[in-house]
Amino acid sequence: MWNLTRFASSRLSRTRRLFSSVIPGPCIVHKRGTDILHDPWFNKDTGFPLTERDRLGLRGLLPPRVISFEQQYDRFMESYHSLEKNTKGQPDSFVALAKWRILNRLHDRNETLYYRVLMDNIKDFAPIIYTPTVGLVCQNYSGLFRRPRGMYFSAKDKGEMMSMIYNWPAQHVDMIVLTDGSRILGLGDLGVQGIGIPIGKLDMYVAAAGINPQRVLPVMLDVGTNNQKLLEDRLYLGLRQPRLEGEEYLEIVDEFMEAVFTRWPKAIVQFEDFQMKWAFETLDRYRKKFCMFNDDIQGTAGVALAGLLGTVRAQGRTLADFPDQKIVVVGAGSAGLGVLSMAVQAVARMTGKNETAAQNFFLLDKDGLITKERKNLDPAAASFAKDPGQIVGLREGASLLEVVKKVKPDVLLGLSGVGGVFSEEVLKALRESGSTRPAIFAMSNPTMNAECTAADAFKHAGENIVFASGSPFENVNLGNGKVGYVNQANNMYLFPGIGLGSLVSGARFITDGMLQAAAECLASYMTDEEIQKGILYPSIDSIRHITAEVGASVLRAAVAEELAEGHGDVGPKELAHMSKEETVEYVFRNMWYPIYSPLVQEK
Ligand SMILES: NC(=O)C1=CN([C@@H]2O[C@H](COP(=O)(O)OP(=O)(O)OC[C@H]3O[C@@H](n4cnc5c(N)ncnc54)[C@H](O)[C@@H]3O)[C@@H](O)[C@H]2O)C=CC1
Ligand SMILES: CC(=O)C(=O)O
Ligand SMILES: [Mg+2]
């Protein structure tokens with residue numbers, strides 16, 4: 001099943017070696033017969049051995065022949081490939097949803113097989129269960145809904161959450177991804193339909209971080225929606241009311257957080273796709289109280305910083321030159337501001353100067369360049385606002401084209417959520433960049449919201465650029481055997497390791513130091529040879545290995561900050577005595593691997 005020839009890199013072979021020795025331990029079930037067949041956590045379909053069928057009251061409930069896991073896997077992949085063949089020529093969205101449906105049906109039926117298929121084919125399947133298709137799924141969620149997944153807490157549940165949380169069937173929960181649906185990718189307010197995002201993120205947690213799928217919980221906090229179209233849609237499944245605001249809103253989130261940490265004090269909560277005001281406010285409110293982080297602000301920042309440091313290396317410079325890079329950030333939302341704060345912190349550390357750390361960064365939002373003259377300047381953006389006197393020829397609200405022409409940036413980084421804002425003119429203006437190898441990060445999701453396509457970037461800005469996008473694009477054929485390499489600058493490279501490292505260290509909180517360790521680990525993962533080719537991030541095929549390394553870095557940072565309380569029977573002292581290699585092995589050992597375990601019934 002686990003075919004070595006599929007994997008070229010030695011990093012992957014190492015990952016494989018670590019998992020080849022997995023011997024499935026017994027799994028306790030508290031049910032029998034059809035209840036097991038209908039429970040995707042335990043179901044093995046036709047794969048139940050005869051002895052197990054006898055023990056669990058399954059005899060006669062399945063066709064007599066036992067089919068091996070490998071045969072089941074091959075059968076699924078055959079159906080998937082015939083679906084690909086049969087839908088050729090159909091519109092992209094039709095094909096994408098058909099692929100999502102076939103995977104979702106397997107997810108609903110047999111989680112072990114689903115996650116194995118997902119892990120082994122992550123490069124092909126991540127774009128279906130994650131961005132970009134997950135965006136389409138959220139947009140069509142009410143129509144696609146067949147059975148629930150995760151939990152829904154609504155404004156109508158106020159006062160009930162502490163008891164509701166006990167409705168979740170699992171005894172233990174390690175990882176929760178929570179959204180209020182207010183800013184789903186670049187698609188805006190999708191209300192309750194945003195649940196697709198926590199589901200997709202947690203699928204990545206299982207595939208990349210090996211979090212046991214019985215211990216993950218996707219959550220939708222439905223506080224209403226301001227999306228008029230959804231409010232008028234008779235099939236809409238969420239509350240038909242405008243979003244709660246102010247204290248009323250915060251009371252709901254507070255109640256949810258208290259309920260979660262009362263039942264599962266060691267769980268980790270990832271906030272995802274909250275509109276900016278609540279993203280910052282909730283991060284501030286909870287980060288010193290609970291073990292939580294905001295992926296859009298903090299996960300994205302680390303991935304972008306790793307890419308920015310890679311860009312300096314790709315230009316043939318040393319990391320010490322990072323403070324000299326002129327970087328234009330387009331989008332002053334939760335993601336853009338998160339990236340800028342982390343980049344500024346990095347410059348301040350390198351130069352030892354706080355006051356001048358932001359001088360080479362330029363920030364734009366929908367109203368153009370942000371300067372101190374901006375009316376109603378958002379306090380979160382204030383420290384990045386330019387002093388108009390400082391920048392000759394650039395006024396408040398200058399357009400992106402004007403800024404690019406004047407600043408001649410080394411890097412253009414988009415987190416605006418607006419497809420195509422890196423227009424042909426803007427990209428052509430980047431040819432005048434002071435850099436020998438300018439970089440374009442079109443990080444908005446899903447694909448149609450990317451600031452530019454990969455093909456346009458190489459066509460208009462030149463073949464020597466470095467390119468990264470939030471959703472995947474194919475590499476670009478530049479002719480004469482040359483390839484324009486496309487990187488995927490997506491927080492998927494970090495959030496699984498941040499969550500896993502925090503979990504297995506038993507961290508009390510998630511600090512800036514732990515996040516910085518995660519970013520540095522990703523930045524140093526790539527070899528000079530890869531970087532020279534314009535490859536800034538590892539292949540997603542090695543996501544488990546990257547995640548283990550990132551997780552171990554996060555763990556070591558938690559230990560260094562004396563925040564690690566230990567996990568299971570590994571205490572804080574043992575964690576503190578582990579060597580670097582031992583922390584990586586320890587993180588690997590804690591990863592769940594999809595394999596059928598013998599089921600043992602307990603009444
Ligand atoms: N690649 C990745 O890992 C990640 C990508 N993202 C993407 O980033 C985008 C933004 O996310 P958030 O910051 O949370 O959203 P947000 O809504 O908080 O911020 C969007 C910002 O873009 C600005 N903007 C809108 N139109 C613009 C225009 N025409 N020109 C310049 N700026 C414009 C807005 O003024 C605002 O400052 C989304 O598409 C999201 O999918 C977010 C997190 C991670
Ligand atoms: C990737 C991600 O978290 C976003 O686009 O919001
Ligand atoms: Mg997000």
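The values are calculated or read from the model by the stated rules, or taken from the named source; none is laboratory data. Since we're looking at a predicted model, the values are computed, not measured. Neighbour counts are summed over all protein chains in view; Cβ atoms, including those assigned to glycine, are modelled from backbone coordinates with ideal geometry. Accessible surface areas use protein heavy atoms only, side chains included; no ligands, DNA or RNA. Shrake-Rupley method; radii C 1.70, N 1.55, O 1.52, S 1.80 Å.
In region 73-121, carbon and sulfur make up what percent of the accessible area (probe 1.4 Å)?
Roughly 47 percent of what the probe reaches on region 73-121 is carbon or sulfur.
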**Report entry** Built amide H within the under 5 Å cut-off of E451, gap 5+
**Finding:** G420, M443, S444
Query raised in the report: Tell me, what is the percent relative contact order of region 293-337, built from C-alpha pairs under 8 Å that lie six or more residues apart?
Result: 48 percent
Query raised in the report: V476: net charge of surrounding residues, Cβ under 13 Å, Lys/Arg +1, Asp/Glu -1, itself excluded?
Result: -1
Report summary line: per DSSP, antiparallel bridges as share of beta bridges in the chain, % nearest 5, sits at 15 percent
Query raised in the report: Amide H neighbours of V486 under 5 Å, counting only residues 5+ apart in sequence or on other chains, H built in-plane at 1.01 Å?
Result: N475, V476
Query - Signed unit charges on C-beta, dipole axis of the chain, positive-most listed residue S597, F495, S341 - result: S597
Query - Loop-located GluC sites (Glu not before Pro) in region 469-551, at most 15 other Cβ atoms within 10 Å (DSSP) - result: E474
Query raised in the report: Using +1 on the beta carbon of Lys and Arg, -1 on that of Asp and Glu, and nothing else charged, what's the dipole of region 138-197 about the Cα centre, debye to 20?
Result: 200 debye
Query raised in the report: How large, in percent, is the carbon and sulfur part of the accessible surface of region 357-485 at a probe radius of 1.4 Å?
Result: 49 percent
Query raised in the report: Taking the simple approach of a point 7 Å from Cα along Cα-to-Cβ for both Q228 and Q171, what is their distance in nm?
Result: 5.3 nm
Report summary line: With all protein chains present, region 182-265 has a carbon and sulfur share of its accessible area (1.4 Å probe) in percent of 50 percent
Query raised in the report: Treating the beta-carbon of each Lys and Arg as +1 and of each Asp and Glu as -1, no other charges, what is the dipole magnitude of the chain about its Cα centre, to the nearest 20 debye?
Result: 1160 debye
Requested in this report: For region 309-444, give the magnitude of the charge dipole about the Cα centre (Cβ charges: +1 Lys/Arg, -1 Asp/Glu; no others), in debye to the nearest 20.
Outcome: 240 debye
Query raised in the report: Amide H to amide H, which residues 5 or more places from A398 or on other chains are under 5 Å from it, using H placed in the peptide plane?
Result: L369
Requested in this report: Using only alpha carbon pairs under 8 Å that are at least six residues apart, calculate the relative contact order of the chain and give it in whole percent.
Outcome: 15 percent
Query raised in the report: For the chain, what is the accessible area per residue in Å² when the probe is 1.4 Å?
Result: 42 Å²
